[in-house]
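Undergrad: Structure in structure tokens, see below.
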Amino acid sequence: MTELSPQRQERLARLKFRAWHRGTREADYMIGCFFDRFHSEWTDADLDLFERMIDEEDVDIMAWALGTLSIPEEYRGPMMDRMMKLDYVEIPR
């Protein structure tokens, strides 16, 4: 396993916080669980895309993932395809 640079560790910590502190429990679980499940596989370009995406409104991100709103061209691709599967969401009971 490759050791992460301090800069990448800091970036991931910042993104994790932002992914899990969205404002609603539903958005926290959808976006936070997605981040937790897949961030270790992401390239710098993927991190850039995720960072831009989470600047968007939660209701839009959730609607894209649920397929109830058309996904903007800039977010179409493998990351959003994966997010739309929703099999990464773990809700504690």
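Undergrad: Does Asp60 satisfy being surrounded by 13 or more Cβ atoms within 10 Å (Cβ to Cβ), of a type in the set (D, E, K, R) and closer than 19 Å to Lys16 by Cβ?
TA: no
Undergrad: If you don't mind, there's one more thing I want to ask. Suppose we keep only residues that are acidic (Asp, Glu) and within 9 Å of the chain's Cα centre (by Cα) within the stretch 1-54. Which one would you say is nearest to Pro72 (Cα to Cα)?
TA: For the stretch 1-54, the residue satisfying everything is Glu51.
Undergrad: May I ask you to list pairs of residues, at least six apart or on different chains, whose Cβ atoms are under 7 Å apart, with the first in the stretch 46-75 being among the β-branched types (Val, Ile, Thr) and the second being part of a helix (DSSP H, G or I) and surrounded by 13 or more Cβ atoms within 10 Å (Cβ to Cβ)?
TA: Close Cβ pairs satisfying both conditions: Ile54/Arg18; Ile54/Ala19; Ile54/Ile31; Ile61/Ile31; Ile61/Met53; Ile71/Trp64; Ile71/Met80.
Undergrad: Under the condition of being touching a residue at least 40 places away in the same chain (Cβ under 8 Å) and either over 16 Å from Trp20 (Cα atoms) or outside any helix (DSSP H, G or I) (or both), which residue from the stretch 80-90 is farthest from the chain's Cα centre (by Cα)?
TA: Glu90
Coordinate-derived values only; no laboratory data. Every value quoted in this text rests on a predicted model; they were computed, and no experiment measured them. With ideal geometry, Cβ positions are generated from the backbone for all residues, glycine too; neighbour counts draw on all protein chains shown.
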